Amino acid sequence: MASAVPSAVFVAVTTWSGLVVGVLVAAATALLLTVLATLTGRSVVRVASGLVGIGVTAAIAWSTGSDAGIFLPDIWWSLGAGVALLGSVAIGFPLVGVLWSVARREPMAWRGDRPSRRAMTTATLACAAMFGARFTVQGELLDAHEIGRLATVKIAMGLPLTLAALGVVAWAIRTAERRRRSAWRS
């Protein structure tokens, strides 16, 4: 949450006061949140990522001369992630399953079990659909210079779509785990 605050501040302030003021207020907000996190003993990783993120997006906004530049990294990230996820399915190594195996430091035994492989493919496609929807909708709003609507849609498509995709990922992992455990019992 704290990493999203500087971006929200940037969009709000830029809408009313222009690009330069928006960048300065967002940077000050990110810096203040970092200091507060440090003083209260909280992890500064998320707030510091907000500080870095606002720096990168501010540089893009400044170089493009438009407040819309703040949205470009996320929009392009969505395209890249969606393409990577689809590509992993196309070559038979659904990325959700691969990452699950890597995280567990186990071989990709799920690939040998058709229902588990199908579950991992479904989860990977759900994640690809989430990123594809974000890229398509937010890209269209950016092209139409609907920055206020873009900011609202970015928030609306953020957590809800992520939770939906994570629900499918959790189902896929549960399916593969259940199948793996039943294979051990056999």
Q | Carbon plus sulfur fraction of accessible area for the range 36-186, probe 1.4 Å, in percent | A | 66 percent
**Q.** Spatial separation of Cα centroids for the range 123-185 and the range 66-122, in angstrom
**A.** 11 Å
**Q.** Hydrodynamic radius (Kirkwood) for the range 52-93, which is based on Cα pairs only, to one decimal in Å
**A.** 11.4 Å
**Q.** For the chain, calculated [θ]222 nm from helices alone, where every DSSP H run of n ≥ 4 adds -39500 (n - 2.57)
**A.** -28500 deg cm²/dmol
Q: Identify which of Leu125, Leu79, Leu163 has the largest mean-square fluctuation in a Gaussian network model of the chain, with springs joining Cα atoms closer than 10 Å.
A: Leu163
Q. Could you give the accessible area per residue of the range 1-117, probe 1.4 Å, as a whole number in Å²?
A. 56 Å²
Q | Measure of compaction for the range 1-74 (Cα Rg per 2.2 N^0.38 Å) | A | 1.05
Q) Using the Cα atoms as the points, what is the convex hull volume per residue of the range 73-153 in Å³? A) 92 Å³
Q | Leading residue at positive end of dipole, the range 59-184 (Cβ point charges), from Ile75, Ala165, Gln138 | A | Ala165
Q) Stokes-Einstein D for the chain at 37 °C, 0.692 mPa s, Kirkwood Rh over Cα pairs, in µm²/s? A) 178 µm²/s
Q: Please state the charge dipole magnitude for the chain, taken about the Cα centre, from unit charges on C-beta atoms (+1 on K and R, -1 on D and E), reported in debye and rounded to the nearest 20.
A: 1320 debye
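The values are calculated or read from the model by the stated rules, or taken from the named source; none is laboratory data. Bear in mind the structure is a predicted one, so any value in this text is a computation, not a measurement. Cβ sites come from the backbone with ideal geometry, for glycine too, and all protein chains shown count toward neighbours. What goes into the accessible areas is simple: the full protein's heavy atoms, side chains included, and nothing from ligands, DNA or RNA. Shrake-Rupley method; radii C 1.70, N 1.55, O 1.52, S 1.80 Å.
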